[in-house]
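Read-outs: derived from the displayed coordinates by stated rules, not from any lab. Owing to the predicted nature of the structure, the values given are computational and were not obtained by experimental measurement. Every residue, glycine as well, gets a Cβ built from its backbone with ideal geometry; the counts of neighbours run over all protein chains shown.
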Amino acid sequence: MHFRSLGAIFLAAALVFATGAGLAPKVISAQDAAGTPAFYTERVAPILQKNCASCHGGMNHRGGFNMATKAGMQKGGKDGVAVVPGDPAKSLLVRLMRHEGPADDPMNMPPAPRPKVSDADIAVVEQWVKAGAMMPDDVQKP
């Protein structure tokens, strides 16, 4: 018997044992994970901290938008509601991060000369919004 075959047999036996003992890991879809406050804390908050907090976090609330608290995120700013849970297309935060306006639109976030948020990071924020935009109640960052 080859080493590779022994490894496959061992792995299969371990999975059978774990499943029978109730130890198998729960399979969580990416969308399910995005619907948890931990997803915000671990994945979304660092993106917002890096790209948005200098103008909309802490003591800075440009445009009346304070993303430093859950209440501020839910309220939005002078241009409207920032996040529509379940609907990234209606969420101003997502639309501005995508730079959906003209290239020189001052509403594009972050504004020039700062670079646009990466497509991968925008996808994370979209996933979070689509899953309900869950946040911890005591969020203080970004």
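In terms of other Cβ atoms within 10 Å, Lys78, Lys50 run from fewest to most in the order Lys78, Lys50. Stretching the chain fully between Asp137 and Thr69 yields a gain of 23.7 nm (0.36 nm per residue, less the alpha carbon separation). Take the Cβ atoms of Lys78 and Lys116, set R0 to 25 Å, and the FRET efficiency comes out at 0.65.
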